[in-house]
């Protein structure tokens, strides 16, 4: 079992994941961190738990919009995002393998 250090809103979090899942988890952490400043302002200084709630709400809103969006060229935007995430994971894995070779 691997561990990944995520920094979200300036706070470090150690999270366990499957071996090989580190790059994908780090990408998710960056996505959460991208919303951290806005969420902290929305939380009005009520603490990190409230900030994380606002981050979750922002992501849920993005997901709902993506799910309700009409398909582009017959393909769901959610599916395109998932494929892009997987390709990014594969690229990260290949880069790590090349660096350790």
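The values are calculated or read from the model by the stated rules, or taken from the named source; none is laboratory data. On a predicted model such as this, the values are computed, not experimentally measured, just so you know. No Cβ is skipped: glycine too gets one built from the backbone with ideal geometry, and neighbour counts run over all protein chains shown.
Okay, here's what the table says:
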read-out	value
Residue that is touching a helix residue (DSSP H, G or I) at 6+ places or on another chain (Cβ under 7 Å) and over 30 Å from residue 96 (Cα atoms), where the choices are 2, 24, 69	69
Selection status of residue 35, touching a residue at least 40 places away in the same chain (Cβ under 8 Å), within 17 Å of the chain's Cα centre (by Cα) and within 28 Å of residue 11 (Cβ to Cβ)	no
Inter-residue pairs, beta-carbon under 6 Å, first closer than 18 Å to residue 93 by Cβ and in segment 1-27, second modelled with pLDDT under 90, 6+ apart	23/89; 23/92; 24/89
Check on residue 86, more than 25 Å from residue 37 (Cβ to Cβ) and either modelled with pLDDT of 80 or more or in contact with a helix residue (DSSP H, G or I) (Cβ under 6 Å, 6 or more places away or on another chain) (or both)	yes
Residue check for residue 26: in a helix (DSSP H, G or I) and closer than 19 Å to residue 5 by Cβ	yes
Selection within segment 42-101 - over 24 Å from residue 9 (Cβ atoms), in contact (Cβ under 8 Å) with a residue 12 or more places away in the chain and either more than 16 Å from the chain's Cα centre (by Cα) or surrounded by fewer than 11 Cβ atoms within 10 Å (Cβ to Cβ) (or both)	93, 96
